[in-house]
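Data block below; observations after.
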Ligand SMILES: Nc1ncnc2c1ncn2[C@@H]1O[C@H](COP(=O)(O)OP(=O)(O)OP(=O)(O)O)[C@@H](O)[C@H]1O
């Protein structure tokens, strides 16, 4: 293997021939309990965020997409074929390495310790002295010599957040990142899958999560979906709709409008 870092194959251009990563009607159960049900997704080199609360099935889905585990039913394919695991780099939630090895010794498995420079990790540092974020960067370094076309990152820690967000922005291939909120990853994702108790509750472009919250002190308005919050009422409406505002105007009722954050929308409708 070439011992120099192949920057071009990590950061420059797009991989030749766009490949489609697909999950087709994927379910997973351990013993009797289903932890994922009928998940469908399709990604063509874009950037997908898999968002869900604790225990929603994010890690299980990431392990299936990386080829580390097999679905109980349904299938995962790359361009309609069986997964080529080397083309899919996977950064686990909590990577495991021999604690006594140095970073450069772990890299001997792939024969090129130079990739530690790409993830900004000291060659002499022992695994037992690394933070979780550094172990995740080491997992990434191990996958890079295989010129992956997809990068799957299961969770980012506080100390590695900046590094991974920057890496995602520059990576030439497709990215899937799983995380528990939108705030921290919003800038690097285009498409979204929200998981709730193993089921997909939202799938689409992140722009589809735009809602506004209309607030008024008029408590008895003749509209559906009105929620009372203390001394005012709230009505949520999709950002581009104007039905509620026009109705309130016609009724001569004063109101305020605020854009809901993606996390507020997630918590309210899809979590
Ligand atoms: N090997 C396993 N055997 C049995 N149950 C499992 C196994 N792996 C995961 N589960 C169960 O699957 C469910 C989803 O777990 P998963 O780790 O995917 O959630 P998550 O969304 O990644 O949560 P977190 O945000 O806490 O990491 C949990 O109830 C978990 O206990």
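Read-outs throughout are calculated quantities, based only on the coordinates presented, and are distinct from any laboratory measurement. The shown structure was predicted, so the numbers you read here are calculated from the model rather than taken from an experiment. Because the Cβ atoms are built from the backbone with ideal geometry, glycine has one as well, and the counts that use them run over all protein chains shown.
Tell me whether the stretch 1-156 comes out rounded, prolate or oblate; compute the Cα gyration tensor, take square roots of the eigenvalues as a ≥ b ≥ c, and use a/c under 1.5 as the rounded threshold.
Working: a/c = 2.32, a/b = 1.42, b/c = 1.63.
Cα axes put the stretch 1-156 in the oblate bin.
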Task: Principal-axis tilt of helix 132-143 within the chain, Cα atoms, nearest 10 degrees - done: 60
Open item on the list: For the chain, set up a GNM with springs between Cα atoms under 10 Å and report which of 224, 55, 191 has the largest fluctuation.
Closed with: 224
Open item on the list: Once you order the gyration tensor axes a ≥ b ≥ c over the Cα atoms, which shape class does the stretch 31-86 get: rounded for a/c under 1.5, otherwise prolate or oblate by comparing a/b with b/c?
Closed with: oblate
Task: Cα long-axis angle, helix 161-170 against the chain (0 to 90 degrees, to the nearest 10) - done: 80
Task: Share of alpha-carbon pairs per 5 Å distance bin for the stretch 210-270, given as whole % - done: 4, 18, 31, 26, 15, 5, 1
Task: D (Stokes-Einstein, µm²/s), Kirkwood Cα radius, the stretch 119-190, 1.306 mPa s at 10 °C - done: 123
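How much length would be gained if the chain were fully extended between residue 4 and residue 125, taking 0.36 nm per residue of separation minus their Cα-Cα distance, in nm to one decimal?
On the way: separation 121, 0.36 × 121 = 43.56 nm, distance 2.05 nm.
Roughly 41.5 nm would be gained on extension.
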Open item on the list: How big is the stretch 5-52 along each principal axis, measuring the range of its Cα positions in Å and listing the largest first?
Closed with: 46, 21, 18
TODO: Name the residue, out of 149, 245, 114, whose mean-square fluctuation peaks in a Gaussian network model built on the chain with Cα pairs under 10 Å.
DONE: 245
- [ ] Distance between Cα centroids, the stretch 228-247 to the stretch 64-78: provide it in whole Å.
- [x] 42
Task: Pairwise label distance in nanometres, residue 264 with residue 55, each label 7 Å out on the Cα-Cβ vector - done: 2.8
TODO: Compute the FRET efficiency between residue 225 and residue 20 as 1/(1 + (r/R0)^6), taking r as their Cβ-Cβ distance and R0 = 25 Å, and round to the nearest 0.05.
DONE: 0.10
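Per residue of the chain, what 222 nm ellipticity follows from adding -39500 (n - 2.57) for every DSSP H run with n ≥ 4, rounded to the nearest 500?
On the way: 8 runs with 55 residues, N = 271.
That comes out to -5000 deg cm²/dmol.
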TODO: Find the centroid of the Cα atoms in the stretch 96-142 and in the stretch 179-197, then give the distance between the two in whole Å.
DONE: 28
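So if R0 is 45 Å, what FRET efficiency would residue 257 and residue 199 give, r being the distance between their Cβ atoms, rounded to the nearest 0.05?
On the way: r = 32 Å, r/R0 = 0.70.
With R0 = 45 Å, the Cβ-Cβ based efficiency is 0.90.
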- [ ] Mind computing the radius of gyration and Dmax over the alpha-carbon atoms of the chain? Å is fine for both.
- [x] 22.2, 73
Task: Estimated FRET transfer efficiency (residue 105, residue 42; beta-carbon r; R0 45 Å; 0.05) - done: 0.70
Task: Max mean-square fluctuation residue, GNM over the chain, Cα-Cα springs under 10 Å, options 95, 71, 222 - done: 222
- [ ] Report the paramagnetic label zone for residue 217: residues of the stretch 245-266 whose backbone N is under 14 Å from a point 7 Å from Cα along the Cα-to-Cβ axis.
- [x] 253-256
